[in-house]
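Worksheet for the structure shown next.
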Amino acid sequence: MKRRAPPLFDWTLFWDWAGFTWRALRRHPMVGAAAFVLTLALAVAAAAFLPRKYVSSTKLLARPTSYMASIANPNAPWSDEAPMRAARERVLARDSLTKIAQDTNLVAEWQKGRSPILRMKDQLQQLIGGGWTGETWSEIVVGTLEKRLQVSADYETVEIAVEWPDAAMARRIVEAASRNFVESRHVTEVEAMTEAIGILEVHAAQTDLLIQEAVGNLRRVVAERSRGDSRVLARAAANAPSRPRAVTSQELAQLKFMLRSKQNALESLQEQRARELTRARATLEQQQVVFNRSHPAITELERQVKALERPSPQMVQLKRDVIDLERDLEERGGKVDRSARRSNAPAQTTGLVSEASLANLPPELERDPAISVAQEQVRVALGRHQELLMRIGSARMALDTARAAFKYRFHAVKPAQTPKVALAPNVPAILAAGLFVGIVLAFFAAAAVDLWKRTLAEAWQVRRMLKVPLLVELKGPIK
């Protein structure tokens, strides 16, 4: 007769142990209560002291502005360059993150709002590896910001979001990041166009030199061909241009257009900042009519006004560049007019001749091939110079148009808001988990006491462990 195979799982033993654990709580109620209370207290402490994570975000929409440029210059083919190109790289660049940290005073706020658990961790790390300097704290904060700042962009929109332990600081970080992106985009576009204008002006100055050389050559040829004829020399001298002024070298011209580029970018940025400040002050005045001074909305608006009153990192850097360029230009012998404002008029060039004076020569010299060649050289140089002046005027018009259109370039379709609810930790979930785990641990802690004391508290333990049949089992207290 075949033996019956043993079952794969001893369900009888399982239910015996389950009953043992269930009835252990009645044998050791104080142990179970202590385990339950301790677990629940740990859950409450975790919900109270775990670092919070607040999420704040903003969304910018890029509007097409090529129509303004086409109105200013309808003959030029205008097309909007992708305004959101490399938006993520711009926001998450190291210098951009450093400017955000400086603008929001992030290092001091980070140290002030650090949770007790993380503050203890920082102190332990400093005890092991030595104290942290201000530069170390800045590196830590900027590295954390780089990890927690999220940027997603497509062709027309860019969304900036951040997870941060402080709700108000999360909003300030997002506002600073979006403002820094717009300002950096503005500075880049303005500087690129201004630099192009400066290059044209340098070439115009070089063409001015060529004109003076061609005119000098023409005078020399006329003097040689006239063979000392006083009438011809007098007529040529009368028709010759006045003595040209001293022309700066190419190096000084480069410094001048770089200085002008920085000054224009700084002025444009100041104008944009002034518009934002005026708008913020108007909003604050409107809200002060509705709310009292201690209302959170008024406090937040006052903070925004104070932040806009302070110069941005881009403005500070541009001012430093302007000062450095002015000092460099003066050291090289150039003159700096600090009271001069940006002008839209093309650069004036003195000492040039007109085409009419080129033909005002005696008839006997008009047919001379050498003089004709010299006249043609002057005409070519003049034509090139006039062409450059026209291009400079057109470029200045495009720059002014782009600067005026930039204030309509980006629009916050989703302004940054102070988050009301923390994303993490989930306090209800932690408390519910603590309650469930506390109940389970209460039963297991009571059962663990019997196992630790090696007490035979159940009839099945006698049968299974001692291998002794149980004759009588008494339930209830024995009297």
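Just so it is clear, none of the values below were taken in a lab; they were calculated from the coordinates. Being a predicted model, the structure only gives us computed values, none of them experimental. Methodologically, a virtual Cβ is constructed for each residue, glycine included, from the backbone with ideal geometry; neighbour enumeration extends over all protein chains shown.
Going from the fewest other Cβ atoms within 10 Å to the most, the residues 84, 397, 30 appear in the order 30, 397, 84. Hull volume per residue, based on the alpha-carbon atoms of the range 80-228 and their convex hull, is 169 Å³.
Segment residue 23..residue 439, full-extension length gain: 148.4 nm, with 0.36 nm per residue of separation and the alpha-carbon distance subtracted. Counting Lys and Arg as +1 and Asp and Glu as -1 over every other residue whose Cβ lies under 14 Å from the Cβ of residue 31, the net charge comes to +3. Spin-label model, residue 453/residue 38: points 7 Å from Cα along the beta carbon direction are separated by 1.7 nm. Of the peptides 431-443, 192-204, the ranking by mean beta-carbon count within 10 Å, highest at the top, reads 192-204, 431-443.
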